[in-house]
Amino acid sequence: MRVAMHNVLIDNRKKLLLAARELFLEQGYKASVDAIIDRAGVARQTFYNHFKSKKNLFAEAAKRYSLEVVVYLDGDAEDLRGSLIRFSQAYRSMMLSPDGIAFYRRARASNHP
């Protein structure tokens, strides 16, 4: 029973992060907590069980988004050049993707750090 409850908590957190990412890309930081909760399909209390505020959710969503690229730095320590090339290719692909461009535009427009 404890494992099932833990999985539900993880699933709800993932739902919130996915909804937040989508809405922050669509609307920028002005996306409301209510819209995020609605899109995630969770209760308001569930949101606050996982995040203190929209600011905390935004920070974690942005961190997870950036970690998608940082992962490319892992690899053979002896092949620094190769690791840097893989990282730069992944970074370029992510930043020039529709989500990357939307994230950049929304971040610039929202004046949010």
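Every number here is computed from the coordinates shown, using simple stated rules; none is lab data. Note that the coordinates shown come from a computational prediction; the quantities given were computed from them, not determined experimentally. Methodologically, a virtual Cβ is constructed for each residue, glycine included, from the backbone with ideal geometry; neighbour enumeration extends over all protein chains shown.
At 7 Å along the Cα-to-beta-carbon direction for both Ser53 and Asp79, put a label point, then send me their distance in nm to one decimal.
That separation, rounded to one decimal, is 4.5 nm.
Note down the nm distance, to one decimal, between modelled labels 7 Å out along Cα→Cβ at Glu26 and at Ala109.
Taking the two extended label points, one gets 1.3 nm.
By how many nm would the segment from Glu68 to Ile101 grow when fully extended, if each residue of separation counts as 0.36 nm and the alpha-carbon distance is taken off?
10.3 nm
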